[in-house]
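Asks: I have a structure here, written as structure tokens, and I will follow up with some questions on it.
The values are calculated or read from the model by the stated rules, or taken from the named source; none is laboratory data. Quick caveat: nothing in here was measured; it's all calculated off a predicted structure. Here the Cβ positions follow ideal geometry from the backbone for every residue, glycine too, while neighbour counts run over all protein chains shown.
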Amino acid sequence: MIDYDRYNWVGTVFSFRGTALRRAVGRVLVLTLFAVAVQLVYETGERLGWPHFDFHFGLEPAEHAVLGSLLGFLIVFRMNASNIRYWEWRTWWAQIIYASRNLVRVGVEHTDEGAELADLVSGCAICLRRSLQGHMDTEETEEFLPEDLRRRASRFGNPPTAVAAAISQWIGRNRRSGKIEAQVLRQMEDQLSKLVEAQSGCEKIRKTPLPFAYVVMIKQLILIYLVTLPIAVCIPCGWWSPLLVGIVSLGLFGMEEASVEIEDPFGTRANCLDMVAYTLTIARDAGQLAAMKSLRP
């Protein structure tokens, strides 16, 4: 995720990193050259006086704008759908952080094994982050999870679920030993349930892309609109038409690429959310909560 100065208007306008330009520039260039070719053919035909030549050019701009209006509506809907997925995922991860802190805070206060719980919660967050990024393993958890648990979790189809089960076992063991009262037990199980619920919410977003038919239709309409745009504006705009086509294609391709970029926030691209920072936040807070008790007089 790019951390930018929202008040720096000039710096934001002329930025290149993290924008859709690098992904769309090839298509924009191709369509601009196509507009140049269309304008060149039209100007050549006019100069040579080819018969009935104007019949093939000069689409009515008002009629062509109908397709543009429909396309604009679909792109806005596409961007809204992607943005909803983006912020829904951020909401779920905020719940993971919230539940992790409360789970460790209560466990540290009411038992003498808070450090073990803090490590389990940290390992669970790391496993969840890696599974959402497509890595079904227990890498990066060596400092938090015991080796036998890492082996068991690696054999699970979903490693964070295995670690969540180990947290539940930790709660049950401390309940049976009398260290956790019934009220505290309910509170801890409630926070663990919220943790698992947020995991399921993230996995829902990860495994449910926007419908393919809808995405393809938008791409097809963008292509049709931009291919016919030079024919519609070649007569009224003249040699300004390639510039107009380039600007319009940059806007349409850029918005469509921005929607694609934020549709899947779990990756490592510039506009994806910084999941590493979120897991480090959980590990840091859990470790500090566990250390606080040992520092008490």
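Asks: Looking at (1) under 17 Å from Thr279 (Cα atoms); (2) modelled with pLDDT of 90 or more, find the lone condition where Arg186 falls short.
Replies: (1)
Asks: Taking the condition basic (Lys, Arg), in contact with a helix residue (DSSP H, G or I) (Cβ under 6 Å, 6 or more places away or on another chain) and either assigned to a helix (DSSP H, G or I) or under 30 Å from Glu263 (Cα atoms) (or both), does Lys194 pass?
Replies: Yes, satisfied.
Asks: Would you point out the residue of segment 188-214, among those that are of a type in the set (Val, Ile, Thr) and in contact (Cβ under 8 Å) with a residue 24 or more places away in the chain, that is nearest to Ala99 (Cα to Cα)?
Replies: My answer is Val196.
Asks: Which one of these is under 24 Å from the mean Cα position of the chain (by Cα) and surrounded by 13 or more Cβ atoms within 10 Å (Cβ to Cβ): Leu244, Leu192, Leu210, Leu226?
Replies: Checking each option against the conditions leaves just Leu210.
Asks: Inspect all residues belonging to segment 180-189 and state whether any of them is surrounded by 13 or more Cβ atoms within 10 Å (Cβ to Cβ), small (Gly, Ala, Ser) and over 19 Å from Trp92 (Cα atoms).
Replies: There is no residue in segment 180-189 that is surrounded by 13 or more Cβ atoms within 10 Å (Cβ to Cβ), small (Gly, Ala, Ser) and over 19 Å from Trp92 (Cα atoms).
Asks: Residues in segment 122-129: is at least one assigned to a helix (DSSP H, G or I) and either at positive phi or touching a Phe, Trp or Tyr at 6+ places or on another chain (Cβ under 6 Å) (or both)?
Replies: For segment 122-129, residues assigned to a helix (DSSP H, G or I) and either at positive phi or touching a Phe, Trp or Tyr at 6+ places or on another chain (Cβ under 6 Å) (or both): present.
Asks: Would you be able to say whether some residue in segment 259-271 is at pLDDT 85 or above, surrounded by 15 or more Cβ atoms within 10 Å (Cβ to Cβ), closer than 26 Å to Ser100 by Cα and not basic (Lys, Arg)?
Replies: Looking through segment 259-271, none of the residues is at pLDDT 85 or above, surrounded by 15 or more Cβ atoms within 10 Å (Cβ to Cβ), closer than 26 Å to Ser100 by Cα and not basic (Lys, Arg).
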